[in-house]
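Peer 1: Got a structure here, written out as structure tokens. Questions coming.
Bear in mind that the values in this text are calculations on the coordinates, not laboratory data. Predicted, not measured: the structure shown is a model, and the values here were computed from it. Here the Cβ positions follow ideal geometry from the backbone for every residue, glycine too, while neighbour counts run over all protein chains shown.
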Amino acid sequence: MNTPIKKTIILSLLIFFFLPTVQIEAQKKPKNIVFMIGDGMGLAHVYAAMVNNGNKLELERCKNIGFSKTFSANNFTTDSGAGGTALACGVKTKNGMIGMNADSIPAESILELAEKNNLATGMVAACAITHATPASFIAHQVSRNMYEEIAADFLKTDIDVFIGGGRKNFEVRADGRNLSNELKTKNYQIAYNLDEVLTAKNGKLAGLLSENHSPAMPERGDMLPESTMKAIDLLDNNKKGFFLMVEGSQIDWASHDNNADLLVKEVLDFDKTVGKVLDYAKKHGNTLVIITADHETGGLTLPKGNIKEKQIKANFSTKDHSGILVPIYSYGPGSEKFQGFMDNTSLKVKMETLLNLKK
């Protein structure tokens, strides 16, 4: 066999065997990421809700599971400011700080980086949108309690959709500014209730659904799942892709109160939202869904229970946060990157790499 024929055969074999592998690798890069944070949600919280729900959760659809180390720059036990900043910005900071490193230098968040790369961006929270966790994705302040300053930071970005509470931080301010009016000049639709959110068809949307925080479950109804899917519907108009952060905020508050019944209701509301997002991801095939927590709250253990009767006995060791690892669940292209043990700061790095974001 002459040399040119040999080369042709070898090249054909290489293409046959290796091109499918290259294509499979290319398919593992997501176009979109939905980053879901169950505030304060540890493994015991998940299992308590699972037992109450007939031994099943939507979360079980996630086959890739890891664990996150949550300590902050100055404390074994993080708060939501430092925990949220680690997830959003990929840096350790001191408890109470928002979107800054431990030296008070602003750190770019994954949302801001996605925005810089012309992806659509959004946030949905079951609390004030200016509260610690959502604030970590868009604001840069030395204190999580600087709510009016955090609200003003929204005007410094080009976020496409944000839905939650905290209307007073935008409209009833010490400096006299009405940020809702300023948002309108930047072409935002302002929605003051869920019905107004759901009627939005396209364009930018600021949903300020309550004066301060949204009500707890069940009074809140389907605010979180419906707002999340409306945000996805609006963000999906961007052909380059989107980044969306969703927070199940009040799992944390129920745990601070050591209220097991409310805790389960809040986790199930978050899990319902997870299910709808996973349905979207399964249908489209181009969306990575990551579900985790910023920390565990309550030091919850479950010493007794009854699967058939859907009952658990809950023991809390604290009314504050604990320092234990929290789980990471993931689904979709790139989800294999979130297996095993990792620092909470590594999630941002993994996300920006998967989305191929340029700094």
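Peer 1: Going by a ≥ b ≥ c, the root eigenvalues of the Cα gyration tensor, does segment 97-191 fall in the rounded group (a/c under 1.5), the prolate group (a/b larger than b/c) or the oblate group? All intermediate terms of the calculation are to be shown ahead of the outcome.
Peer 2: Values: a/c = 1.64, a/b = 1.13, b/c = 1.45.
In terms of gyration-tensor shape, oblate.
Peer 1: Okay, moving on. Between 237, 62, 78, whose Cα lies farthest towards the positive end of the dipole of segment 32-354 when Lys and Arg beta carbons carry +1 and Asp and Glu beta carbons carry -1, centred on the Cα centre?
Peer 2: It is 62, whose Cα lies furthest towards the positive end.
Peer 1: In addition: At a 10 angstrom cut-off on C-beta neighbours, averaged per residue, how do the peptides 156-167, 329-340, 47-58 rank from highest to lowest? Show your work: numbers first, answer last.
Peer 2: Details: 156-167: 23.0, 329-340: 20.1, 47-58: 18.3.
Top of the packing list down: 156-167, 329-340, 47-58.
Peer 1: What is the spin-label model distance, in nm, from residue 318 to residue 202 if the labels are put 7 Å beyond Cα along the C-beta direction?
Peer 2: 5.0
Peer 1: I would also like to ask the following. What whole-number distance in Å separates the alpha-carbon centres of segment 56-116 and segment 333-359?
Peer 2: 12
Peer 1: Across all directions of projection, what mean area in square nanometres is found for the Cα convex hull of segment 227-293? List each step's numbers first, then the result.
Peer 2: Numbers: hull surface 18.8 nm².
About 4.7 nm², averaged over all directions.
Peer 1: Let me ask you something else. Ignoring everything except DSSP H segments at least 4 long, calculate the 222 nm mean residue ellipticity for the chain; use -39,500 (n - 2.57) per segment, divide by total residues, nearest 500.
Peer 2: Values: 13 runs with 136 residues, N = 359.
Helices in the chain give a 222 nm mean residue ellipticity of -11500 deg cm²/dmol.
Peer 1: For the charge dipole of segment 32-354, defined by +1 on Lys and Arg C-beta atoms and -1 on Asp and Glu C-beta atoms about the Cα centroid, which residue among 118, 100, 322 has the Cα displaced farthest towards the positive pole?
Peer 2: Working it through, the farthest residue towards the positive pole turns out to be 118.
Peer 1: Based on the Kirkwood radius over alpha-carbon pairs, what is the Stokes-Einstein translational diffusion coefficient of segment 183-260 at 10 °C with 1.306 mPa s viscosity, in µm²/s? The partial results should precede the final answer.
Peer 2: On the way: Rh = 14.1 Å.
This corresponds to a translational diffusion coefficient of 113 µm²/s.
Peer 1: Can you compute the FRET efficiency between residue 301 and residue 74 using 1/(1 + (r/R0)^6), with r the Cβ-Cβ distance and R0 = 35 Å? Round to the nearest 0.05. Before the final figure, lay out each step's value.
Peer 2: Values: r = 27 Å, r/R0 = 0.77.
Given R0 = 35 Å and the Cβ-Cβ separation, E is 0.80.
Peer 1: Among residues other than residue 296 whose Cβ falls under 11 Å from its Cβ, what is the net charge (Lys/Arg +1, Asp/Glu -1)?
Peer 2: Numbers: positive: none; negative: 39, 252, 294, 320.
Surrounding charge for residue 296 is -4.
Peer 1: Further, regarding this structure: How much length, in nm to one decimal, is gained on full extension between residue 187 and residue 175, taken as 0.36 nm per residue of separation minus their Cα-Cα distance?
Peer 2: That works out to 2.1 nm of additional length.
Peer 1: Also, I was wondering about something else. Projected area of segment 259-359, taken from the Cα convex hull and averaged over every viewing direction, in nm²?
Peer 2: On the way: hull surface 34.2 nm².
Averaged projected hull area, Cα only: 8.6 nm².
Peer 1: Turning to a different aspect of this structure: Distance cut-off 21 Å, Cα to Cα: go down the list 240/359; 29/56; 204/265; 92/186; 56/308; 116/350 and report the pairs above it. The partial results should precede the final answer.
Peer 2: Values: 240/359 17 Å; 29/56 29 Å; 204/265 31 Å; 92/186 33 Å; 56/308 12 Å; 116/350 17 Å.
As for pairs spanning more than 21 Å Cα to Cα, those are 29/56; 204/265; 92/186.
Peer 1: Only Lys, Arg, Asp and Glu count, each charged at its Cβ (+1, +1, -1, -1), so figure out the dipole size of the chain about its Cα centre, rounded to 20 debye. It would help to have the intermediate numbers written out before the result.
Peer 2: Numbers: 41 positive and 40 negative charges, 300 e Å.
I would put it at about 1440 debye.
Peer 1: Helix 43-52 sits at what angle to the longest principal axis of the chain, using alpha carbons and giving 0 to 90 degrees rounded to 10?
Peer 2: Taking the Cα atoms of the chain, the angle to 43-52 is about 80 degrees.
Peer 1: ³J(HN,Hα) across segment 69-79 via Karplus (A = 6.51, B = -1.76, C = 1.60, θ = phi - 60°), whole Hz, x for Gly/Pro?
Peer 2: Ordered by residue, 3J(HN,Hα) equals 8, 10, 4, 9, 5, 10, 7, 4, 10, 7, 9 Hz.
Peer 1: Taking a point 7 angstrom from the Cα of residue 341 along the C-beta vector, which residues in segment 67-103 have backbone N less than 12 Å away?
Peer 2: Counting only backbone N, you get 67-70.
Peer 1: What are the ³J(HN,Hα) couplings of segment 233-250, residue after residue, when phi is run through the Karplus curve with 6.51, -1.76, 1.60 and θ = phi - 60°? Round to Hz, x for glycine and proline.
Peer 2: 4, 6, 5, 5, 6, 7, 5, 7, x, 8, 10, 10, 9, 10, 10, x, 6, 8
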